[in-house]
Amino acid sequence: MENNKKWWQNAVVYQIYPRSFQDSNGDGIGDLNGIIQRLDYLEDLGINAIWLSPVCKSPQDDNGYDISDYQDIDPMFGSLDDMERLIAEAKKRNIRIMMDLVLNHSSDEHRWFLEAKKSKDNPYHDYYVWRDGKEGELPNDMRACFGGPAWEWVPELGQYYFHQFSVKQPDLNWENPKLRREIYDMILWWMDKGASGFRLDVIDQIAKEPDQKITCNGPRLHEFLRELSKETFRKGDLITVGEAWGSNTELAKLYSNPDGSEFSMVFQFEHIGLDQQEGKEKWDLAPLPFLKLKEILGRWQQALYGCGWNSLFWNNHDLPRIVSRWGNDGEYRVESAKMMGTLLHGMQGTPYIYQGEELGMTNVKYDIEEYRDIETCNMYKERIAAGYDKEDVMKSIYAKSRDNARTPMQWDSSENAGFTTGTPWIKVNPNYTTINAASQVNDPDSIFSYYKKLVHLRKEYAVFVDGRFTMLLPEDENIFAYTRENEDSKLVVVCNFFDKMLPMPLKEEVEGMELLLGNYGEAMEAEILQPYEARMYLKK
Ligand code: NOJ
């Protein structure tokens, strides 16, 4: 298929959470050599790029999102040589590697912070965000994302430092041009090593103004991003995606401006916050307002058409598994996993598949001692201390804990799901004996084979990449349907989002069109949409 789009607009990205993907040395933690062993699997799936969650040197307070050396690999994952080998081996299979850049904060064990803490005159002191004060009298009442105050006292200096995440993740001060230069040089070094792109962690939080309690979308944010892009990414043909919880469609047009002045695209989360009570935390559960989901996704499709670019995702390492969240991880696991895939991959944007999504991996229910995630563990302690009912707290954890996505990849039905020969750092989901890659790769009806088709269709038909989106049946409370149209062809996607039988609407709309893909195979009945049924029709 030929079109005038950039390579990353035609691409499908696969996210790997390295510590949970494949262990190669029996220490119970996934590593780079493990990823190399599994590249053939990824090539078979057909993806074009891998986004690697952080593998740089880190004390692992937040599983690598606390980096102590941006230019070295954490020994638990391997070495720089392994990284170079991974890049080369992936390249042989036409797969590019995207690194995860954590630029809002470093680890408190980074040499910059160790220096910064020595004295106020140290040249690195200003790489971080400090406020004078007195012990016990915090500069203000800002809270950190993982609980507790956003300020930490350093008695030797008589100052507080600012941290939006854990105490071990001090915020970097982007106002300092020397810091920015060091960051650019580091990125250029990775580009030189062969990185083909980057995902930028909480990038809309870098331009903070703590005195005004501004964390997201600070006044200098886009100025910083344009400089960052000019000094680094624009020197190569890269894919870049910013994580931007505070984005809206207007901001996304800046971030993903086709002139390349900032990024290729952003991850936006407007739909992701839908199943929580308004104004509360993600743990405060609420049913999914389906019409709102349609409204949001449809609006993003319309707003960025021709003047920006969407990312498409249901999952990542911070989010629960989509089949358990908005699909059905019981009777209709297979159908709903395929339906969610159809809905997403038919839209305009670059799709991201999170490891195990292509197998329909599900959430877990563990005892509290078995959770590893700092956010989950801190929240549990805070809420229990505040008098919440334990059962309710556990219910929230089952629904939303980040560990739902972080259990080891389920490769086969052997011990520990083929992930490790040692003791896994986090327990394997007990359902690995039935849900695993080995049982799916050669089964034409599996979720894996279905995802493979979705990935290939996007490469075969330009309309997947450039077709204009129109929502159909916007008021329908059960069905998510839309069209994509370009000059030559038209695609119609119809998805029953629930576990009930429905009469098939849109019969005229799809008349004379070819059924490209459906998740009921031979069992499909033209007049009825079965539970979680999904269909894609094409007119050439
Ligand atoms: C977002 C990352 O995705 C998450 O895993 C991490 O904890 C925070 N940023 C802090 O870096």
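So, restricting to helices (runs of 4 or more DSSP H) that lie completely within segment 282-391, which ones have at least 1 residues that are in contact with a Ser or Thr (Cβ under 6 Å, 6 or more places away or on another chain) and over 30 Å from residue 437 (Cα atoms)? So that I can check it myself, show each step before the final result.
Values: elements: 290-304, 322-325, 333-345, 374-385.
Per the criteria, 290-304.
Filter the strands (runs of 3 or more DSSP E) completely within segment 136-226 down to those with at least 3 residues that are within 19 Å of residue 58 (Cβ to Cβ) and away from the ligand (no atom under 15 Å from the Cβ).
Per the criteria, no element qualifies.
For segment 451-467, check the following and say yes or no: at least one residue is under 18 Å from residue 327 (Cβ atoms) and crowded, with 21+ Cβ neighbours inside 10 Å.
yes
Check whether at least one residue in segment 82-104 is closer than 23 Å to residue 421 by Cα and in contact with a Lys or Arg (Cβ under 9 Å, 6 or more places away or on another chain), and report yes or no.
yes
May I ask you to list the residues in segment 227-254 that are of a type in the set (Gly, Ala, Ser), under 23 Å from residue 305 (Cβ atoms) and away from the ligand (no atom under 16 Å from the Cβ)? Talk me through it step by step, then tell me what you get.
Here is the first cut: in segment 227-254, the ones of a type in the set (Gly, Ala, Ser) are 229, 236, 242, 244, 246-247, 252.
From what is left, the residues that are under 23 Å from residue 305 (Cβ atoms) are 229, 242, 244, 246-247, 252.
Once the filter is applied, which keeps residues that are of a type in the set (Gly, Ala, Ser), under 23 Å from residue 305 (Cβ atoms) and away from the ligand (no atom under 16 Å from the Cβ), segment 227-254 yields 229, 252.
Collect the residues in segment 46-95 that are in contact with a helix residue (DSSP H, G or I) (Cβ under 8 Å, 6 or more places away or on another chain), assigned to a helix (DSSP H, G or I) and of a type in the set (Asp, Glu), keeping them in residue-number order.
Within segment 46-95, 82, 84, 89 qualify.
Taking strands (runs of 3 or more DSSP E) that do not extend beyond segment 425-512, which have at least 2 residues that are modelled with pLDDT under 95 and not hydrophobic (A, V, I, L, M, F, W, C)?
none
Sort out which residues of segment 236-246 are buried (at least 24 other Cβ atoms within 10 Å of the Cβ) and under 17 Å from residue 218 (Cβ atoms), and write them in order of number.
242, 244
What are the residues in segment 214-251 that are farther than 26 Å from residue 163 by Cβ and of a type in the set (Val, Ile, Thr), if any?
239, 249 - these are the residues of segment 214-251 that are farther than 26 Å from residue 163 by Cβ and of a type in the set (Val, Ile, Thr).
Select, from 158, 147, the only residue that is within 25 Å of the chain's Cα centre (by Cα) and surrounded by fewer than 19 Cβ atoms within 10 Å (Cβ to Cβ).
Just a single option satisfies the conditions, and that option is 147.
In segment 294-311, how many residues are more than 30 Å from residue 144 (Cβ to Cβ) and surrounded by 18 or more Cβ atoms within 10 Å (Cβ to Cβ)?
8
Between 365, 294, 280, which is closer than 28 Å to residue 30 by Cα and basic (Lys, Arg)?
None of the others qualify; the one that does is 365.
Taking the criterion of being surrounded by fewer than 23 Cβ atoms within 10 Å (Cβ to Cβ), touching a Leu at 6+ places or on another chain (Cβ under 7 Å) and over 26 Å from residue 24 (Cα atoms), would at least one residue in segment 426-443 satisfy it?
no
Which is surrounded by fewer than 23 Cβ atoms within 10 Å (Cβ to Cβ), hydroxyl-bearing (Ser, Thr, Tyr) and either closer than 30 Å to residue 448 by Cα or at pLDDT 95 or above (or both), of 124, 65, 128?
Only one candidate qualifies: 124.
Between residues in segment 84-108 that are at negative phi and residues that are more than 11 Å from the ligand (Cβ to nearest atom) and at pLDDT below 95, which pairs lie under 8 Å by C-beta distance while being six or more apart or on different chains?
Correct list of pairs: empty, since none qualify.
The values are calculated or read from the model by the stated rules, or taken from the named source; none is laboratory data. As the structure is a computational prediction, the values presented were derived from the model and not from experiment. Every residue, glycine among them, receives a Cβ derived from its backbone with ideal geometry; neighbour counts consider all protein chains shown.
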